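Notes follow the structure.
The values are calculated or read from the model by the stated rules, or taken from the named source; none is laboratory data. Predicted model only: the values in this text are computed from it and were never measured. Methodologically, a virtual Cβ is constructed for each residue, glycine included, from the backbone with ideal geometry; neighbour enumeration extends over all protein chains shown. Side chains are part of the model used for accessible areas, which takes the heavy atoms of the whole protein and leaves out ligands, DNA and RNA. Shrake-Rupley method; radii C 1.70, N 1.55, O 1.52, S 1.80 Å.
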Amino acid sequence: MSASIDAEVIDLRSDTITRPSKEMRAVMAEAVVGDDVLGDDPTVIRLQERCAELLGKEAALFVPSGTMANLTAIRAHTQPGDEIIAHNESHFYFYETGGFAAVCGCAVRFVAGERGIFGAEAVEAAVRPRSIHFANSSLVVVENTHNRGGGSIWPMEKLRSVADRARGLGLRIHMDGARLWNACVATGRTPREYAAPVDTVSCCFSKGLGAPIGSIMAGDRQTVARAARFRKMFGGAMRQSGIAAAAALFALDHNIERLADDHRNARLFAQGLQNVPGIGVDHEHVETNMVFFDVDSSLGSGAEFSRRLESRGVRAIATAPQRIRAVMHLDVTTPQVLRAAAIIAEEARRGTAATSCVA
Ligand SMILES: *Cc1c(COP(=O)(O)O)cnc(C)c1O
């Protein structure tokens, strides 16, 4: 199906590493295109309409990346000097080069919560009083699934109560749904159900769905029109982008349901690491396609251990001093995932054995 990866390397760094399949490349090659900056690329229009429908929103905007989806949404919802309420492990805060501050002029006030998920009370406590002394609280950002939270899924009731409270407090709410498809496949809920409580939502095609480029940002017509203006300002308005939109349409048609395979592989991988000395994994918390595991300091740091894994042909990124993330995706098979877990277990056993010999 998809372009095969080097058989010697099992790459679990991210679900972004997938390469477009032959079939996907074929639809890209044949895509009917126009000039999307002039508003007449039919394939981009089709993708935007389909996503608006899928997400139950008035309009949608095709953007080059998840980062730009979040940035245009944040910029559209806020004014410089505003404060955003969000979890401190949020992707937009952690991994998007501080664009919320540099480009949007916003500050962030953190709310605490397990695995990236927080409650309505936390939002209420974080809102600044309306007075000349304070920043203007204007936006809440939630992330579903939550990347650094372990691929965790927002419980629907919690999402609704946070959104209701936010709205009651005069705030808008954006959902970074880069991996919303994973939440849908894991729970059986529709994208529309998850998007209903929020004002805007963004989703990636270049993560689990296997497309090479592209994200969608959706919301009410006025906010999306504002976001389209910022997309242009940020240099993200593209010309014959129907070629990329065709890949996204193909991904929506073919690669959503199979995310269940990634989720199953994640559970198998976590099971393979259970009871391995020096490795800590909480397999009950494997909800979607990500497995975070802790590495005991006797095995070195997460970065050191991941270099050892790399030398054995298993690639995974250290996301904290003693923590490594492995992500399942379209271009990795169940036997490869099981082999990766076995290699990690072998390396861990070797590491602890060596340490105890020295001691
Ligand atoms: C990857 C990711 C993004 C950003 O997507 P890019 O296409 O890499 O810019 C945004 N949010 C979350 C939760 C992500 O995992």
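Quick notes on this one:
- Hydrodynamic radius of segment 193-261 by the Kirkwood approach over all distinct alpha-carbon pairs: 13.4 Å.
- 3J(HN,Hα) along segment 96-108: 10, 6, x, x, 4, 8, 5, 9, 9, x, 9, 9, 10 Hz, from the Karplus curve 6.51 cos²θ - 1.76 cosθ + 1.60 with θ = phi - 60°, whole Hz, x for Gly and Pro.
- Across segment 44-153, Cα-Cα pairs farther apart than 25 Å form 28% of the total.
- Listed residue (Ile243, Gln336, Ser298) projecting farthest to the positive dipole end of segment 210-359, Cβ model: Ile243
- Each residue of segment 150-161 is assigned a 3J(HN,Hα), and the resulting list reads x, x, 6, 9, 5, x, 4, 4, 5, 4, 5, 6 Hz, derived from the Karplus form 6.51 cos²θ - 1.76 cosθ + 1.60 (θ = phi - 60°), x at Gly and Pro.
- Candidate residues Met28, Met238, Met217: accessible-area rank, largest first, probe 1.4 Å: Met238, Met28, Met217
- Summing Cβ point charges (Lys, Arg +1; Asp, Glu -1) relative to the Cα centre of segment 80-143 gives a dipole of roughly 200 debye.
- The largest accessible area among Val327, Val33 belongs to the first residue in Val33, Val327, and the rest follow in falling order (1.4 Å probe, all chains).
- Helix 221-233 and the longest principal axis of the C-alpha atoms of the chain enclose an angle of approximately 70°.
- Segment 107-157-segment 21-38 distance, computed between alpha-carbon centres (Å): 38
- Nearest-ten-degree value, helix 334-358 long axis tilted from longest Cα axis of the chain: 60
- On Cα atoms only, tilt of 42-55 relative to the major axis of the chain in degrees: 80
- Beta bridges by DSSP in the chain, antiparallel share as percent, to the nearest 5: 50
- For segment 253-359, the Cβ-based charge dipole about the Cα centre amounts to some 400 debye (Lys, Arg positive; Asp, Glu negative; other atoms uncharged).
- Fraction in percent of alpha-carbon pairs per bin - 10 Å, the chain: 6, 24, 30, 24, 12, 3, 0
- Charge dipole (the chain, unit charges on Cβ, about Cα centre) - positive-most of Thr67, Gly188, Gly81: Gly81
- Heavy-atom surface of the chain, accessible at 1.4 Å and reported per residue (Å²): 42
- Computed over the alpha-carbon pairs of segment 141-229, the distance histogram in 5 Å steps reads 3, 14, 24, 25, 19, 11, 4, 0 percent, short to long.
- In order along segment 271-278, phi translates into HN-Hα couplings of 4, x, 9, 5, 6, 8, x, x Hz, rounded to whole numbers, per the Karplus curve 6.51 cos²θ - 1.76 cosθ + 1.60 with θ = phi - 60° and x for Gly and Pro.
- For segment 241-284, dividing the convex hull volume of the Cα atoms by the residue count gives 96 Å³ per residue.
- Segment 53-159: chymotrypsin sites (Phe, Trp or Tyr not before Pro) in DSSP loop, at most 10 other beta carbons within 10 Å: none
- The helix-based estimate of mean residue ellipticity at 222 nm for the chain, built from -39,500 (n - 2.57) per DSSP H run of four or more residues and divided by its residue count, is -13000 deg cm²/dmol to the nearest 500.
- Put a plus charge on the Cβ of each Lys and Arg, a minus charge on the Cβ of each Asp and Glu, and nothing anywhere else: the dipole of the chain about its Cα centre is then about 420 debye.
- Taking all protein chains together, Glu304, Glu157 sort by accessible area into Glu157, Glu304, largest first [probe 1.4 Å].
- Since only Ala112, Ala125, His146 are under comparison, the one whose Cα sits farthest along the positive direction of the charge dipole of segment 96-149, derived from C-beta charges on Lys, Arg, Asp and Glu, is Ala125.
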